[in-house]
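Peer 1: Below are the structure tokens for one structure; questions will follow.
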């Protein structure tokens with residue numbers, strides 16, 4: 001058992017899962033998307049100003065691959081300069097030579113790099129109108145299935161991360177509409193959960209349907225059905241790790257209608273999400289299915305750099321598949337959280353000096 005990995009659900013199954021992946025081949029996939037819901041004041045700090053929010057996800061994808069961004073002049077940062085969690089993901093993947101692939105599932109701005117493009121439209125502001133049409137939800141699942149079939153056949157484990165500003169709000173809405181009790185996490189220490197739950201309750205009133213397609217069409221975002229589609233085919237070919245916080249609970253809840261091979265599926269996130277007292281990821285997953293949850297304990301609280309220490313103080317917490325990417329690196333080459341901290345600090349200094 002790796003000392004920096006805790007198993008919070010299905011411990012026996014989780015232990016076997018980890019053992020099966022020691023020193024195995026991993027592929028990381030990043031699904032980028034956008035929802036106009038992120039423009040609601042007070043729900044996200046994913047960009048310095050509302051104008052740059054559409055650039056957050058493609059910039060994350062570009063940073064992950066190039067170490068700098070092409071679609072925007074700066075690295076994605078919070079208003080006071082805390083770095084994107086893509087920094088953690090990039091460090092982990094590079095440390096273990098794990099390849100990554102980008103999937104554009106409704107990003108408002110296309111990333112300037114080779115990627116799978118689904119041609120999906122971005123999600124609308126759910127407080128004002130339905131997120132997307134039923135046809136778009138169906139297409140997202142279909143495209144996801146094709147991508148999952150393609151990626152699942154190439155690796156021992158497919159890790160799926162996401163980047164979508166405002167995504168915890170759409171996740172809360174989908175979970176609420178599907179009758180899953182609990183609160184999602186936040187990129188801020190003071191989780192604006194009352195705003196999210198108010199939106200979720202209002203949106204839920206727009207449709208009486210509990211059908212997952214209706215619910216995601218009404219209050220979701222394009223990332224959710226796309227990842228569900230990938231999961232539905234890839235999980236019958238290989239192990240799949242849903243790398244993310246409470247947004248992946250919404251993906252799993254939707255996936256009950258699209259199907260997946262439960263024996264091959266697990267969720268991985270950072271301890272900053274699972275320690276978040278304002279959210280309850282484990283309780284939500286328990287209501288959906290019995291899959292292992294891995295909580296990766298990072299050593300960012302010991303960092304000499306303020307921006308990295310802030311993760312341990314409740315800022316950002318997770319994103320761009322950071323927890324799952326770290327788990328994959330730990331399993332593939334046995335790297336520890338302390339060793340990863342050293343490499344992360346090195347990467348951070350290189351960015352700042354650019």
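Peer 1: Please give the residues of the range 26-70, grouped as numeric ranges, whose backbone N is less than 16 Å from a label point set 7 Å along the Cα-to-Cβ vector of residue 94.
Peer 2: Output list for this probe position: 60-70.
Peer 1: With a Förster radius of 22 Å, plug the Cβ-Cβ distance of residue 313 and residue 283 into 1/(1 + (r/R0)^6) and report the FRET value to the nearest 0.05.
Peer 2: Values: r = 24 Å, r/R0 = 1.07.
Efficiency at R0 = 22 Å is approximately 0.40.
Peer 1: Mind giving me the FRET efficiency for residue 129 and residue 156? R0 is 45 Å, r the Cβ-Cβ distance, nearest 0.05 is fine.
Peer 2: Numbers: r = 42 Å, r/R0 = 0.94.
About 0.60, to the nearest 0.05.
Peer 1: Which one of 171, 299, 249 has the biggest mean-square fluctuation once the chain is modelled by GNM with Cα springs under 10 Å?
Peer 2: 299
Peer 1: Just to be sure I understand the model, the point goes 7 Å from the Cα along the line to the Cβ. What's the resulting residue 302 to residue 13 distance in nm?
Peer 2: 3.3 nm
Peer 1: Any idea what the relative contact order of the range 100-204 is, in percent, if you count C-alpha pairs under 8 Å spaced at least 6 apart? Before the final figure, lay out the partial values.
Peer 2: Details: 86 pairs, mean separation 19.9, N = 105.
Relative contact order for the range 100-204 comes out at 19 percent.
Peer 1: While we're here: For the range 5-352, what is the percent of antiparallel DSSP beta bridges, rounded to the nearest 5?
Peer 2: 15 percent
Peer 1: Just want the ordering: 256, 149, from fewest to most Cβ atoms lying within 10 Å of their own Cβ.
Peer 2: In order of increasing Cβ crowding within 10 Å: 256, 149.
Peer 1: How much length is gained on full extension from residue 333 to residue 117, taking 0.36 nm per residue of separation minus their Cα-Cα distance?
Peer 2: Result for the pair: 74.6 nm of gain on full extension.
Peer 1: Which three numbers, in whole Å and largest first, are the semi-axes of the equivalent ellipsoid of the range 231-354 derived from its Cα gyration tensor as √(5λ)? Write out the running numbers ahead of the final one.
Peer 2: Working: eigenvalues 166, 55, 27 Å².
Output for the range 231-354: semi-axes of 29, 17, 12 Å.
Peer 1: Over the chain, what relative contact order in percent results from Cα pairs under 8 Å that are six or more residues apart?
Peer 2: Contact order relative to length: 26 percent.
Peer 1: Need one number: nm distance between label points at residue 181 and residue 25, each 7 Å from Cα along Cα→Cβ, rounded to one decimal.
Peer 2: Taking the simple label geometry, residue 181 and residue 25 are separated by 4.6 nm.
Peer 1: Give the distance, in whole Å, between the Cα centre of the range 276-354 and the Cα centre of the range 209-238.
Peer 2: 25 Å
Peer 1: Here is a follow-up. I want to check the label-to-label distance for residue 149 and residue 73. Put each point 7 Å from Cα in the C-beta direction and report it in nm to one decimal.
Peer 2: 4.6 nm
Peer 1: Calculate, in nm to one decimal, what residue 208 and residue 110 gain on full extension: separation in residues at 0.36 nm each, minus their alpha carbon distance.
Peer 2: Between residue 208 and residue 110, full extension yields 31.8 nm more.
Each value in this text was obtained by applying a stated rule to the coordinates, not by laboratory testing. No experiment lies behind these values; they were computed from the predicted model shown. Cβ coordinates were reconstructed from backbone atoms using ideal geometry, including for glycine residues, and neighbour counts include every protein chain displayed.
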